[in-house]
1. Name the residues in the stretch B:56-83 that are farther than 15 Å from B:Val150 by Cβ and more than 11 Å from chain A (Cβ to nearest Cβ), would you?
2. Of (1) under 29 Å from B:Val341 (Cβ atoms); (2) basic (Lys, Arg); (3) surrounded by 12 or more Cβ atoms within 10 Å (Cβ to Cβ), B:Arg205 satisfies all except one. Which?
3. Consider only pairs whose beta carbons are under 6 Å apart and that are at least six residues apart or on different chains; among these, list those whose first residue lies in the stretch A:60-72 and is more than 17 Å from B:Gly80 (Cα to Cα) and in a strand (DSSP E or B) and whose second residue is modelled with pLDDT under 90 and among the charged types (D, E, K, R).
4. Of everything in the stretch B:172-224, what is farther than 22 Å from B:Phe11 by Cα and in contact (Cβ under 8 Å) with a residue 60 or more places away in the chain? Give them in sequence order.
5. Looking at (1) at pLDDT 85 or above; (2) loosely packed, with under 12 Cβ neighbours inside 10 Å, which is the one condition that is false for B:Pro193?
6. Filter the stretch B:354-390 down to the residues that are over 51 Å from the mean Cα position of the chain (by Cα) and surrounded by fewer than 21 Cβ atoms within 10 Å (Cβ to Cβ) and list them by number.
7. Counting just the residues of the stretch A:49-59 that are in a strand (DSSP E or B) and of a type in the set (D, E, K, R), which one comes out surrounded by the most Cβ atoms within 10 Å (Cβ to Cβ)?
8. Would you pick out the residues in the stretch B:84-102 that are surrounded by 18 or more Cβ atoms within 10 Å (Cβ to Cβ), within 12 Å of another protein chain (Cβ to nearest Cβ) and more than 18 Å from A:Asp39 (Cβ to Cβ)?
Amino acid sequence: MKHAVILLLCVLAGPLWAAEDHDAARDAVRRNQVIPLSDIIPDVLQRFDARLLEVEFEREDGQFIYELELITGSGRMIEVMVDAASGEILGVDQEGWQANGPERDD
Amino acid sequence: MKTGSLRLRLFAASALSVSVALMLAFWGLGLLFASHVERRAIDSLAVQFDQILAGVERGETGDLQIGSAPADARFITPFGGLYWQIETDTQQLRSRSLWDFALDLPADHLADGAVHVHDLPGPGDSTLLVMERKVQLAARLGGSAIRVAVAMDASELEESTEDFREDLLPFTLVLALFLVLAGVAQIFVGLRPLNSVGQRVASIRAGDSLRVGDDFPTEIRPLAREVDALLDQREKDIEQARHRAGDLAHGLKTPLQALLAEARQVREAGLPDTADSIEKTADTMRRHVERELNRVRIAARAAAARTDLAAAVGRVVTVVQKASTPHKLTWEIDTPDDIMVAVDMADLFEILGAILENAARHARQSVRVGARKQGKAVTVTIQDDGAGIAQDKIATLQRRGARADESGTGLGLAIARDLAESLGGSVDLAPADPGLVVRITLPLSAI
């Protein structure tokens with residue numbers, strides 16, 4: 001049973017590894033599995049006062065995730081994990097960040 | 001014709017034309033800059049295009065792929081600003097920067113080699129400047145026809161045009177200010193001759209000059225000529241009227257003499273009262289006629305007259321002293337040397353003679369003579385220390401045209417006033433303490 005789950009995951013995740021990540025993202029958008037990245041980015045950039053550096057598209061435990069690498073106006077690099085299906089921010093990889101509100105520079 | 005300021009009209013016209021011209025220039029330069037920026041952008045897209053085409057390879061499965069992608073990071077970063085897309089019948093290859101978005105290339109028929117430029121919607125709300133071309137691949141790549149498109153975010157172009165406009169605006173405003181100020185200067189310099197026309201006409205009215213002249217710009221010369229022609233015409237008319245008045249007076253002289261002769265015959269025929277009445281009426285008429293003839297003569301003489309007032313006063317005083325003074329009088333004479341009056345010498349003697357004679361006759365000890373310039377005229381004051389004249393009698397004597405024929409005083413005064421008034425001057429009496437002061441106002445010579 002356990003082997004069957006792993007096998008299933010491998011089958012589902014297969015196209016992600018086979019093709020390039022942006023093609024995988026396009027496929028997911030076309031199947032209505034995820035929100036287009038352009039719908040997510042403006043809100044995130046505004047919330048963190050940041051510019052976009054890089055995007056990775058991943059699938060963890062059946063969940064599509066955008067991993068956004070940003071540089072904030074104050075010059076800090078942060079990584080923001082976004083649920084690609086809902087647009088919800090799952091976590092921010094940056095020291096001192098509290099999830100209840102945007103970073104303050106004062 | 002509308003009234004209002006000519007300067008204001010010209011200023012409004014120049015300000016309007018400057019504003020319109022600069023607004024057009026501002027708008028036009030913005031357009032030129034935008035098309036220039038777009039041309040540069042298409043040139044740089046063409047370079048990227050060639051690089052992408054050079055990187056097309058054929059994979060093991062027969063599919064096309066990009067072996068060496070262009071180095072520009074904007075092709076790699078999602079929504080980085082530079083994009084490419086290749087379409088074949090079966091495949092669609094896209095730059096990573098497009099991410100989950102694909103260019104929706106319009107289904108137009110591309111002739112081989114023809115370059116097309118489009119504005120197409122990009123990821124999110126962006127607009128892309130797209131350059132695409134249909135390419136026939138080399139035989140080793142399968143020889144099929146593919147569509148290759150490269151694109152860039154058009155907002156960069158709009159931003160640089162916007163920046164250019166922002167930089168251009170202060171220059172335009174400074175230029176506008178300069179042009180408007182230059183316009184104002186032009187208006188003032190250009191309209192200055194109009195002021196001098198006004199000054200010339202004013203000086204004619206004041207008697208300082210005779211004609212406007214024609215030393216003016218071409219546009220104003222007709223006006224100046226018309227004014228001069230009008231003055232010529234008026235002068236001729238006045239001259240004619242004067243001649244006619246003279247002729248009339250002259251023509252009445254002989255009939256009046258005849259009438260007086262008739263009166264004498266009436267008297268001899270035994271009707272003395274009727275004769276008196278006729279003589280009196282005829283005499284009044286004769287005086288009017290003579291006064292009018294006198295006026296004509298005086299006006300003709302005064303036209304070019306220029307007489308030294310101080311010299312005239314000196315000579316008249318000498319004559320009066322010798323002729324009519326029973327006792328020694330003190331003469332205090334204070335007339336400046338440089339006063340020239342526009343009065344014929346004989347007329348000036350007559351006016352001064354009449355007044356000075358009266359003053360000498362009524363003075364106890366002294367007569368004072370002074371003169372003072374006032375604008376274009378001079379006022380001569382003659383004061384005696386005699387008994388003076390009662391206020392009500394002064395009023396009677398002052399009345400215009402009044403003649404106190406009963407006394408010699410009144411007659412001399414009336415002649416002097418007639419003369420002075422026909423020259424544009426006046427003679428006024430006023431009580432002084434002691435005696436009487438007579439003020440004679442006469443025009444100064446303009447020459």
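The values are calculated or read from the model by the stated rules, or taken from the named source; none is laboratory data. The model shown is predicted, which means the values in this text are computed figures rather than measured ones. Heads up, the Cβs are rebuilt from the backbone with ideal geometry, glycines too, and the neighbour counts pull from every protein chain shown.
1. B:Glu57, B:Arg58, B:Gly59, B:Glu60, B:Thr61, B:Gly62, B:Asp63, B:Leu64, B:Gly67, B:Ser68
2. (3)
3. What qualifies is A:Ile65/A:Glu58.
4. B:Ala206, B:Gly207, B:Asp208, B:Ser209 - these are the residues of the stretch B:172-224 that are farther than 22 Å from B:Phe11 by Cα and in contact (Cβ under 8 Å) with a residue 60 or more places away in the chain.
5. B:Pro193 satisfies all of (1) at pLDDT 85 or above; (2) loosely packed, with under 12 Cβ neighbours inside 10 Å except (2).
6. Within the stretch B:354-390, B:Glu357, B:Arg361, B:His362, B:Arg364, B:Gln365, B:Ser366, B:Asp385, B:Gly386, B:Ala387, B:Gly388, B:Ile389, B:Ala390 qualify.
7. The extreme case among them is A:Arg59.
8. B:Gln85, B:Leu93, B:Arg94, B:Ser95, B:Arg96
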